[in-house]
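Since the structure comes first, as structure tokens, the remarks are kept for the end.
The values are calculated or read from the model by the stated rules, or taken from the named source; none is laboratory data. Nothing here was measured: the structure is a model prediction, and the numbers come from that model. Methodologically, a virtual Cβ is constructed for each residue, glycine included, from the backbone with ideal geometry; neighbour enumeration extends over all protein chains shown. Side chains are part of the model used for accessible areas, which takes the heavy atoms of the whole protein and leaves out ligands, DNA and RNA. Shrake-Rupley method; radii C 1.70, N 1.55, O 1.52, S 1.80 Å.
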Amino acid sequence: QVQLVESGGGLVQPGGSLRLSCTASGSIFSHYDMGWYRQAPGKQRELVAVSTSARNTNYADSVKGRFTIARDNAKNTTNLQMNSLKPEDTAVYYCNAHQWSINFWGQGTQVTVSS
């Protein structure tokens, strides 16, 4: 069992930056692929970025070059640095831990990009 707690969301103007943090507890963090997903109103949840247990990273095309995912296995944290934010980045962002067919989710944190 893995418990995930997100923090760092909020309101930011277009072009601004935010840093989301996810802290995990309850299991061996380094064994999991850690990812960030987001869900905008009326849309399906989508993958934003993932950092695998092998330390590979992947990003959605819409955030490449603007977002960076980083994990610290010693601290059981996964962060998402979001730069050059756009209104279309507005969504609830969820932290995810994945291993085999098992998924754990955080409660979500709201990110709103608006002037």
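Number of residues in the range 10-30 that are within 18 Å of M82 (Cβ to Cβ), open to solvent by 30 Å² or more (accessible area, probe 1.4 Å) and in a loop (DSSP other than H, G, I, E, B) equals 4. Yes or no: S53 touching a helix residue (DSSP H, G or I) at 6+ places or on another chain (Cβ under 6 Å) and not hydrophobic (A, V, I, L, M, F, W, C)? Yes: the conditions hold for S53.
When restricted to residues that are loosely packed, with under 15 Cβ neighbours inside 10 Å and assigned to a strand (DSSP E or B), the range 72-88 contains 1. The set of residues in the range 85-102 being modelled with pLDDT under 95 and not aliphatic (A, V, I, L, M) consists of H98, Q99, W100, S101. Just wondering, is there one or more residues in the range 102-113 that are among the small types (G, A, S) and in a strand (DSSP E or B)? No, that holds for no residue.
Residue-wise test of (1) surrounded by 21 or more Cβ atoms within 10 Å (Cβ to Cβ); (2) among the hydroxyl-bearing types (S, T, Y).
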{"position": "Y32", "(1), (2)": "yes, yes"}
{"position": "Q39", "(1), (2)": "no, no"}
{"position": "A70", "(1), (2)": "no, no"}
{"position": "T90", "(1), (2)": "no, yes"}
{"position": "S101", "(1), (2)": "no, yes"}
{"position": "G108", "(1), (2)": "no, no"}
